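Below is one structure, written out as structure tokens, with a few remarks after it.
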Amino acid sequence: MGESRTITVDIDGPIATVTLSRAEQHNAFNPDMVNALTESFGQLGRSKDVRVIILTGSGRSFCAGADLNSMKTAAENTYEDNLADAEAIYDLMFAINNCPHPVVGRINGAAIGGGVGLVSCCDIVVAVDRARFALSEVRLGLVPAVISPFVLAKIGSNNARELFLTGERISAKRAREIGLVDHVVDEPHLDERIRERVLELLKSAPGAVTSAKQLIAMVTGRSEADHRTYTTRLIAERRSSPEGREGMSAFLEKREPWWRDDQ
């Protein structure tokens, strides 16, 4: 990890920051960036030292979706080539969405098309007030197909009906109203709010955070008939886990648990 032509990865203790670094292209996707992001999130997700991942962009934009060269190539590609490209983008979204560590979106500017997909895969999203968001695929004769499972999970089908069909841009305030964004701040306070969110995450036991992410995904995707078995087994496992025992002991003994020793 470290630097590639399209992204940078910086690790500071338990915090990893992944930055889209094609500022002149508004951090638009190309195959190299998609592959680098997927590989980085896979490696970071397996790291025992990393506990929180921040995803952001360089320059004034977060991510403008597919870049122009990729779009030109797609128009000339075979069906098989376009299918492979789409599968790579889906795999990227899946890797971020299912990363064991919490992912905090530091949305420093516009997020368009696939950029909205990236935002939707983050667990907590903080955006600057000047940021704009659009699912503009229909204006290009396309649809937001590959990112749709992740966007729909974030904003719901009712909001998607309007935004998928119009392709219009919405403000950060509107994005917060529909659940795409969690916090909207003015630019000078962006890093302050990110730091505050990260510190809150670091107060939680890392294994429990991973299980909590899995809990949301499993309960959302299962029928009610499965809820009783899955949720009761999960809490029983967590209560008897080393983290669960330590957390309860620390609370009763009025001390900090081990995962907060460095706070």
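Rule-based calculations on the coordinates, nothing more; no lab input. Bear in mind that the values here come from a model prediction, so they are computed numbers and not experimental data. All Cβ positions, even for glycine, are placed from backbone atoms using ideal geometry, and neighbour counts span all protein chains on display.
Annotations
- For Val219, Val128, order by how many other beta-carbon atoms lie within 10 Å, fewest first: Val219, Val128
- Under-5 Å amide H pairs with Phe29, H placed in peptide plane, nonlocal only: Ala64, Gly65, Ala66, Asp67
- Dipole of region 149-200, positive direction: furthest Cα of Gly167, Leu180, Leu199, with charges on the beta-carbon: Gly167
- Helices assigned as whole DSSP H runs in the chain whose Cα atoms extend at least 20 Å along their own long axis and whose mean Kyte-Doolittle hydropathy is 0.5 or higher are found at 206-221.
- Choice from Gly247, Gly13, Gly141 showing the highest fluctuation, given a GNM over the chain with Cα pairs closer than 10 Å: Gly141
- Choice from Ala36, Ala172, Ala250 showing the highest fluctuation, given a GNM over the chain with Cα pairs closer than 10 Å: Ala250
- Region 141-196: GluC sites (Glu not before Pro) in DSSP loop, at most 16 other beta carbons within 10 Å: Glu168
- Among Arg238, Arg60, sorting on how many other beta-carbon atoms sit within 10 Å of each Cβ, with the fewest leading, yields Arg60, Arg238.
- Summarising the overall dimensions of region 156-207 from its C-alpha atoms, the Rg and Dmax are 15.0, 42 angstrom.
- Counting Cα-Cα pairs of region 7-202 in 5 Å increments starting at 0 gives whole-percent bin shares of 1, 8, 17, 22, 21, 16, 9, 4, 1, 0.
- Antiparallel content of DSSP bridges confined to the chain, in %, to 5: 30 percent
- Principal axes of region 206-260: Cα extent on each, largest first, Å: 40, 16, 14
- The relative contact order of region 105-263, computed from alpha carbon pairs under 8 Å that lie at least 6 residues apart in sequence, is 21 percent.
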